[in-house]
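*Asks:* My questions will all concern the structure given below.
The values are calculated or read from the model by the stated rules, or taken from the named source; none is laboratory data. Note that the coordinates shown come from a computational prediction; the quantities given were computed from them, not determined experimentally. Neighbour counts are summed over all protein chains in view; Cβ atoms, including those assigned to glycine, are modelled from backbone coordinates with ideal geometry. Quick note on the areas: whole protein, heavy atoms, side chains included, nothing else; ligands and nucleic acids left out. Shrake-Rupley method; radii C 1.70, N 1.55, O 1.52, S 1.80 Å.
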Amino acid sequence: MSKGLFITFEGIDGCGKSTQLNLLKDEFTKQDIDFIEVREPGGTAVGEKIRTILLDKANDSMTRMAELLLFEAARAQITEEVIIPALNKGINVICDRFYDSTTAYQGYANKMGTDLTDFLNLKATNETYPDITILLDIDPQTAYTRRAQRGEEDRIEKLGLAYQEKVREGYLELAKGEDRIKVINADNTPEKIFEQIHSYIWDLIS
Ligand code: Z5A
């Protein structure tokens, strides 16, 4: 049996990942393609508890190292409990964020260093690599305006536009060295963005 395809979505907060992920899910369902959807941090009982700690605004004293290790702990759990078993059964996995988020947010923007994040990412995932990563690239101000319609900000969203700009730079830097990362301009209509995602993913499926 061939392995499932591992598809990840990445980008700064409010870049439109959830919107595009839903369009992909609709398309997979329409075409009767087997898949599961997961999100990071979270996606397991343990991971959802860690997510609550990570996003809670009350935890503003959390150290950068504690934050990094919590993201990796949630990732270790979901990779072993959900992602690897699904891929091994031939089920495609669509994941809202994976280890590139740690590289961009903690490695670059929080200045923890990508040597450290690369090492922890590989350990936490037992070297499970995405087959394709869709990076939705957008100016932080545009993403902020979109998100603002949604109301209250969580602990990480509260870090502001300059932080999001560093995260964006981190992602673009990372994409330069990784063929699997497809950078898509997310300042476009949802339909136009999805056309490009569709073409990248169907190239791999067919
Ligand atoms: N994080 C980290 O630091 N390190 C890690 O290793 C990991 C994560 C795994 C998770 O939050 C946080 O954890 C996140 C990174 C950090 N930082 N924060 N905050 P989350 O999962 O709750 O949030 P998110 O991943 O940032 O997603 P989001 O805020 O829900 O946004 P989104 O999924 O990218 O966007 P959306 O919900 O599809 O769209 C946002 C709004 O824009 C919405 O009103 C849409 O209707 C609208 N939209 C979407 N597309 C368009 C287009 N094309 N045009 C116009 N409007 C649009």
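*Asks:* Could you list, in sequence order, the residues of the range 75-93 that are among the hydrophobic types (A, V, I, L, M, F, W, C) and in a helix (DSSP H, G or I)?
*Replies:* Scanning the range 75-93 gives ALA76, ILE78, VAL82, ILE83, ILE84, ALA86, LEU87.
*Asks:* Got a sec? Which of ASP32, ASP26, ASP13 is out of contact with any Phe, Trp or Tyr (no Cβ under 7 Å at 6 or more places or on another chain), more than 11 Å from the ligand (Cβ to nearest atom) and in a loop (DSSP other than H, G, I, E, B)?
*Replies:* Exactly one residue qualifies, and that residue is ASP32.
*Asks:* In the range 142-161, which residue that is of a type in the set (A, V, I, L, M, F, W, C) and under 14 Å from ASP60 (Cα atoms) is most open to solvent (accessible area, probe 1.4 Å)?
*Replies:* Filtering first and then ranking leaves LEU159.
*Asks:* Continuing with this model, one more query. Got at least one residue in the range 58-69 being near the ligand (Cβ under 10 Å from one of its atoms) and in a loop (DSSP other than H, G, I, E, B)?
*Replies:* no
*Asks:* Every residue in the range 115-139 that is over 16 Å from ARG75 (Cβ atoms) and open to solvent by less than 70 Å² (accessible area, probe 1.4 Å), please.
*Replies:* Across the range 115-139, the qualifying residues are ILE132, ILE134, LEU135, LEU136, ASP137, ILE138, ASP139.
*Asks:* If a residue has to be touching a residue at least 40 places away in the same chain (Cβ under 8 Å), aromatic (Phe, Trp, Tyr) and in a helix (DSSP H, G or I) to count, how many in the range 113-162 make the cut?
*Replies:* Residues in the range 113-162 being touching a residue at least 40 places away in the same chain (Cβ under 8 Å), aromatic (Phe, Trp, Tyr) and in a helix (DSSP H, G or I): 1 in total.
*Asks:* Another question about this same structure. Does ILE201 satisfy the criteria of being among the β-branched types (Val, Ile, Thr), more than 25 Å from ALA109 (Cβ to Cβ), touching a residue at least 40 places away in the same chain (Cβ under 8 Å) and in contact with a strand residue (DSSP E or B) (Cβ under 9 Å, 6 or more places away or on another chain)?
*Replies:* yes
*Asks:* Restricting to the range 165-196, give me the number of residues that are more than 9 Å from the ligand (Cβ to nearest atom) and either of a type in the set (S, T, N, Q) or assigned to a strand (DSSP E or B) (or both).
*Replies:* The number of residues fulfilling the criteria is 6.
*Asks:* MET65 fails exactly one of the following numbered conditions: (1) of a type outside the set (Val, Ile, Thr); (2) more than 26 Å from PRO140 (Cα to Cα); (3) exposed (fewer than 15 other Cβ atoms within 10 Å of the Cβ). What is the number of that condition?
*Replies:* Going through (1) of a type outside the set (Val, Ile, Thr); (2) more than 26 Å from PRO140 (Cα to Cα); (3) exposed (fewer than 15 other Cβ atoms within 10 Å of the Cβ) one by one, MET65 breaks only (2).
*Asks:* When you go through ALA186, ALA148, ALA124, ALA175 one by one, which is the residue that is at pLDDT below 95 and either polar (S, T, N, Q) or on the phi < 0 side of the Ramachandran plot (or both)?
*Replies:* After ruling out the rest, the residue left standing is ALA148.
*Asks:* Taking the residues in the range 35-46 that are in a strand (DSSP E or B) and among the aliphatic types (A, V, I, L, M) as candidates, determine which candidate is least open to solvent (accessible area, probe 1.4 Å).
*Replies:* VAL38
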